[in-house]
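Written out below as structure tokens is the structure these notes cover.
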Amino acid sequence: MAKTILTNVRCFAVAVDLTSNSNKIELSSEVEDKDATNYGSQGWKEVMGGLASAEISGEGQWEAGDPSKVDDASWSQLGGVGPWSISANNAAAVGGLAYFTSAMRSNYALGADVGEIAPWTGTAKSSWPLVRGQFAHPPGTARTATGTGTALQIGAVPTGKRLYAALHVLSAAGTTPSLTARVESAPDNTFAAPTTRLTFAAATAAGGQALRTDGTAITDTWWRIAWNITGTTPSFMFAASLGVQ
């Protein structure tokens, strides 16, 4: 991506799209530096990498009144762990750059001076590695039947690495609606004989899930989201992210 003005950043916090309630999203990651200096260091400080962590912080305009609003979601998520996905100014387009992790909502604040637009601020701290991957399903497309998503060339998974997946179910409608999403891989983009690598628990309401493979090498380089939908006149809105870390 070239230099860019931030106008289309999307932030998905578990089951909530914070895009229309946020005007600042910051994502940071760090690795602790541990002092390993010794008499063989020739007078120079030596360091080793310790524990890694990531943090998501945001702020914007406060709204409340239903589970899709920032206040309702922040109160219900405080202290809880779930998936967070951030777009890189690409409006969460399929194949667009995504940064995502499983994180704990660690704080939430609201309120300001009289006459100001009511604000909110909040922070989430990582419980899993921060993954640089791609969006695998667009948040603005309603799904009413079983189907498959766009094939993405994310690459093979080396031994010791994992394929990470985040699912954000933003809404569910209909009578007894159920969405069971899965992650499939294949050696090429035809997906002639796909292999299911991860399966999310059935979702019947808004919510979020994060999964990862077990660290075994996977030679397939193409990946996609697929889903089964059941119920009477079901309709789901959801976003998904995939990446190798």
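For region 145-204, just say rounded, prolate or oblate: build the C-alpha gyration tensor, square-root its eigenvalues into a ≥ b ≥ c, call rounded for a/c under 1.5, and beyond that prolate if a/b exceeds b/c, oblate if not.
Working: a/c = 2.72, a/b = 1.78, b/c = 1.53.
Prolate is the answer for region 145-204, as a/c is 1.5 or above and a/b outweighs b/c.
Counting alpha carbon pairs within less than 8 Å and at least 6 residues apart, what relative contact order, in whole percent, applies to region 1-137? Mind showing how you got there, number by number?
Working: 298 pairs, mean separation 35.2, N = 137.
Contact order relative to length: 26 percent.
Considering only 233, 87, 123, whose Cα is most displaced toward the positive end of the charge dipole of the chain, charges sitting on Cβ of Lys, Arg (+1) and Asp, Glu (-1)?
Going by the Cα projections, it comes out as 233.
Going by average Cβ neighbours within 10 Å, how do the peptides 92-101, 61-70 rank, with the highest at the top? Working shown, then result.
Numbers: 92-101: 21.8, 61-70: 14.6.
The packing order, highest mean first, is 92-101, 61-70.
Accessible area per residue for region 93-245 in Å², computed with a 1.4 Å probe and the full protein assembly in place, what is it?
Values: 6700 Å² over 153 residues.
That works out to 44 Å² per residue.
In the Gaussian network model of the chain, springs joining C-alpha atoms below 10 Å, which of 71, 33, 220 carries the largest mean-square fluctuation?
33
Can you give the accessible area per residue of region 28-75, in Å², using a 1.4 Å probe?
Working: 3530 Å² over 48 residues.
Accessible area per residue: 74 Å².
Would you mind working out the magnitude of the charge dipole of the chain relative to its Cα centre, with +1 at each Lys and Arg C-beta and -1 at each Asp and Glu C-beta, to the nearest 20 Debye? It would help to have the intermediate numbers written out before the result.
Details: 16 positive and 19 negative charges, 141 e Å.
Result for the chain is approximately 680 debye, rounded to the nearest 20.
Can you give the relative contact order of the chain as a percent, counting alpha carbon pairs under 8 Å and 6+ residues apart?
Values: 669 pairs, mean separation 51.7, N = 245.
It comes to 21 percent, rounded to a whole number.
Over region 125-174, with every protein chain in place, what whole percent of the accessible area is carbon and sulfur at 1.4 Å, could you tell me?
Numbers: 1000 of 2170 Å².
Percent of accessible area from carbon and sulfur atoms in region 125-174: 46.
Using only Cα atoms, locate the centre of region 21-55 and the centre of region 187-245, then give the distance between them in Å, rounded to an integer.
The distance from the Cα centre of region 21-55 to that of region 187-245 comes to 33 Å.
How much mean residue ellipticity at 222 nm does the chain get from its helices, if each DSSP H run of length 4 or more adds -39500 (n - 2.57) and you divide by all residues, to the nearest 500 deg cm²/dmol?
When only DSSP H runs of four or more count, the value is -1000 deg cm²/dmol.
Compute a Gaussian network model of the chain, connecting alpha carbons closer than 10 Å, and tell me which residue from 181, 136, 166 fluctuates the most.
Fluctuation is largest for 181.
The values are calculated or read from the model by the stated rules, or taken from the named source; none is laboratory data. This one's a predicted model, so the numbers in the text were calculated from it and none came from an experiment. All Cβ positions, even for glycine, are placed from backbone atoms using ideal geometry, and neighbour counts span all protein chains on display. Surface accessibility is based on the protein's heavy atoms, side chains included, excluding ligands, DNA and RNA. Shrake-Rupley method; radii C 1.70, N 1.55, O 1.52, S 1.80 Å.
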